[in-house]
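None of the figures in this text is laboratory data; all of them are computed from the coordinates on show. If you're wondering where the values come from, they're calculated on a predicted model, not measured in any experiment. Because the Cβ atoms are built from the backbone with ideal geometry, glycine has one as well, and the counts that use them run over all protein chains shown.
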Amino acid sequence: MARILGIDDERAILDALARVLAREGHDLVKKTDPTEVLGMDLARFDLILCDVMMPGIDGFELVRQIRPRFDGPIVFLTARVAEEDAVTGYGLGADDYVRKPFSAAELRAKVAAHLRRERREHAHALAFGNVRLNLTSCELSVDGRRVPLTPTEYEICAFLAKRPGQVFSRSQIRKAVLGWEREADDAAISMQISRARKKLAAAGADPIATVWGMGYKWQP
């Protein structure tokens, strides 16, 4: 059973989410006021579902503020379908989105996939110079200092690092890391990689190389 935080200004939406997730044994904590979330202890939750269009603080601004305090999966609930909106969400640190009106099957599948990814066991670490990936704790460090990657940013790094020197297209990375077909353009993967590279560069490392016209690879 997972403890999930649901944020939406419409109580009916939260009630529907709770019913769907309860079938899988999950507990949904409902919040209709996004400002209340700012003061919460987010470490108690395994996953966050967040609406985009809310009064006061919209979902994009809320995620921008809480992402530094929450390292689990964040999934947007949105009726906005433009590619630039999806890319904006990924750029702020979200891992996925579910389009309103949502399908119960799709919601359960995406939540289950993100929770499996967080909880699966690993048995070793990978080291490349000053870069180390701890596959047990799902952390990446440079010179012994943890780099604050989001779950999706970490998974992309781990996928590439396990196959050093091999070039993968954005589509291949998307399917391997996220595990399902998505409606969002592969440009979202470019955004995730760009964010990860900036964080790695700030820590003094540049292990992800762009292979123009083909994709990306991990430089051993």
Task: q = 0.10, 0.15 Å⁻¹: log10 I(q)/I(0) that the Debye formula gives for the stretch 125-218, counting C-alpha atoms only - done: -0.23, -0.52
TODO: Give, rounded to the nearest 20 debye, the magnitude of the charge dipole that the chain has about its Cα centre when Lys and Arg contribute +1 at Cβ and Asp and Glu contribute -1 at Cβ.
DONE: 780
Task: Extended-chain gain in nm, criterion 0.36 nm per residue less alpha-carbon gap, Gln166 and Gln219 - done: 18.2 nm
Task: Principal-axis tilt of helix 104-119 within the chain, Cα atoms, nearest 10 degrees - done: 40
- [ ] Between the alpha-carbon centers of the stretch 21-61 and the stretch 139-178, tell me the distance in whole angstrom.
- [x] 27
Task: Taking N as its residue count, the alpha carbon Rg of the stretch 3-119 over 2.2 N^0.38 Å - done: 0.95
- [ ] May I ask for the longest run of the chain untouched by GluC sites (Glu not before Pro) that are loop-located per DSSP and have at most 12 neighbouring C-beta atoms (other than their own) within 10 Å?
- [x] 1-120
TODO: Compute the long axis of helix 151-161 from its Cα atoms, compare it with the longest principal axis of the Cα atoms of the chain, and write down the angle in degrees, 0 to 90, nearest 10.
DONE: 20
Task: the chain: most fluctuating residue of Arg163, Arg67, Arg174 per GNM, C-alpha cutoff 10 Å - done: Arg163
- [ ] Please compute the net charge surrounding Tyr216, taking Lys and Arg as +1 and Asp and Glu as -1 over other residues with Cβ under 10 Å from its Cβ.
- [x] +3
Task: Amide hydrogen neighbours beyond the local backbone of Cys50, cut-off 5 Å, H modeled - done: Ile7, Val75, Phe76, Leu77
Task: Calculated [θ] (222 nm, deg cm²/dmol) that DSSP helices of n ≥ 4 give over the chain, each run adding -39,500 (n - 2.57) - done: -11500 deg cm²/dmol
TODO: Only bridges with both residues in the chain count here: give the DSSP antiparallel percent, nearest 5.
DONE: 50
Task: Highest-first arrangement of 207-215, 96-104, where packing means the average Cβ count within 10 Å - done: 96-104, 207-215
Open item on the list: Can you tell me the orientation of helix 11-22 relative to the chain, as the angle in degrees between its alpha-carbon axis and the longest Cα principal axis, to the nearest 10?
Closed with: 60
Task: Radius of gyration and Dmax over the Cα atoms of the chain, both given in Å - done: 17.3, 52
